[in-house]
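Working notes for the structure below.
Read-outs: derived from the displayed coordinates by stated rules, not from any lab. Since this is a predicted model, take the numbers as computed values, not measurements. Every residue, glycine as well, gets a Cβ built from its backbone with ideal geometry; the counts of neighbours run over all protein chains shown.
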Amino acid sequence: MLQKHAAVALTLAAMLCMAGTASAASRPAVMASPSPSAAMVIGMPGMVNGVKLKTISGVVKTQWDGVVLRKTRVTSKGVVIPPSGAYITIRSGNWKPFDNEPITLGGKPFYYINQRSVRDVLHDVTFTPGETKAMNHKSRGWQLTQVEKDPFFMEGGYVATFKLVKATGNYYGEAFPVMAGPRVNNDGSNGVAAAKNYEEAGVSERKGRLDDFIMGKNVSADGRTYVVVDSVTPDEVKVREMGTDSITDAWISASAPMMTSCRAGDKFVVGDAEVQVTMISNDAATILISEGGKTVEKTFGPWNADTRSKLFLSETVRDSFWTLSPSGKQIVHLNVNGKESPLGNGKVSLVAYKDVIDIQDGSLWPYDPRFIARPET
């Protein structure tokens, strides 16, 4: 029996994956971590192996294509793959918005253009050691991987370590350790250590905090991900809040982009849409996209030091520099990663893609509906 639409993971940023058709099995492989003794085959024939491709800004990315079989076993009747246990995968490294990021999936090349995210937060949850809890978005979860019951040879201080788990079962790179207990002060999180010098300079003998048990922190954070705990014991960890960002949409295209420099009044065609530049100033440009009797007007800007500093972290700022055509099948954006400024000398530098796919969380993969896509960071 084939398990169609088995649980998915389409990881776009560090890795791109999809879960596909799998033989029936009792337990799905969603968020099931790989075995330490899992077999690995390097350089699989027919896949992309070590191909180097360059982005608009000149960054060289190395592509490795592959197939992952998770929680799979061999029986007398054949190979049994659990639901969501089969993935096609590519690792592409950290990506930069609007940089024509090359990715390859199942041997087919694509270009990663842009994404949209949400902040996913859990409040007041309790973990037992080894337990995994899915986030609201379901594309990832949190696992309490370890509780150190006596890390400092003294009762009353405990360290809990959390990790983010992808739907594929792989961990994200960073671990999130937190400390709590009656013998642990919280100066590492409550601002005391960060407000000014924590100790006097020099050698301390029985002065300051030398006889304190340990400086701890009940907050662990990295980038856009964080954990805040209220208590840690050997048997359970009470989490006040934990959050991370999850991608809801990822726009990609199998077609190479059109890169053009235009003056006010110039027109060009991308896919089924006509693009006209109607206005150019020192820090902005307005375009009009006509398609199927409908139009979209968008002003890209202002292009200045403030927006440039926030562009690659803030989706709100990034929204000022790109737009979809009326059908959603074409994208036009300001060429923010070119060697020269995208605005100057009465011209605007634009990048346009046709045949754009909006990979939405839980959507079917358009090239093979047996696969379900779930974007992740």
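For Rg/Rh (Cα atoms, Kirkwood Rh), computed directly from the structure shown, the correct entry in (1) 1.05; (2) 0.95; (3) 1.11 is (1).
Restricting attention to region 117-246, close to 95% of DSSP beta bridges with both partner residues there are antiparallel. Across region 188-200, rounded Karplus estimates of 3J(HN,Hα) from the backbone phi angles (6.51 cos²θ - 1.76 cosθ + 1.60, θ = phi - 60°) give x, 10, 8, x, 4, 6, 8, 5, 6, 4, 7, 10, 6 Hz, Gly and Pro being marked x. Listed by Cβ neighbour count within 10 Å, with the fewest neighbours leading, VAL41, VAL356 appear as VAL41, VAL356. Between region 39-91 and region 185-259, the C-alpha centres lie 34 angstrom from each other.
Of the residues ARG240, ARG70, the one with the fewest other Cβ atoms within 10 Å heads the list, and the complete ranking is ARG240, ARG70. For region 96-101, backbone phi angles converted through the Karplus equation (6.51, -1.76, 1.60; θ = phi - 60°) give residue-by-residue couplings of 10, x, 6, 10, 6, 4 Hz, Gly and Pro being listed as x.
Each of SER261 and LEU364 was given a label point 7 Å from its Cα along the Cα-to-Cβ line. The distance between the two points is 4.5 nm.
Fewest neighbouring Cβ atoms within 10 Å first, the residues ARG263, ARG140 line up as ARG263, ARG140.
A run of the chain free of exposed loop cleavage sites, with GluC sites (Glu not before Pro) counted only in DSSP states other than H, G, I, E and B and at most 12 other beta carbons within 10 Å, reaches its longest extent at 1-154.
Amide hydrogen proximity for ASN335: with H placed 1.01 Å from N in the peptide plane, the residues at 5 or more positions away or on another chain lying under 5 Å are SER349, LEU350, VAL351. Length gained on full extension, SER204 to SER309, computed as 0.36 nm times the residue gap minus the Cα-Cα distance: 33.5 nm.
Note on MET279 and ALA221: their simple-model spin labels are 3.9 nm apart, each label 7 Å out from Cα toward Cβ. For region 137-142, backbone phi angles converted through the Karplus equation (6.51, -1.76, 1.60; θ = phi - 60°) give residue-by-residue couplings of 7, 6, 7, 7, x, 10 Hz, Gly and Pro being listed as x.
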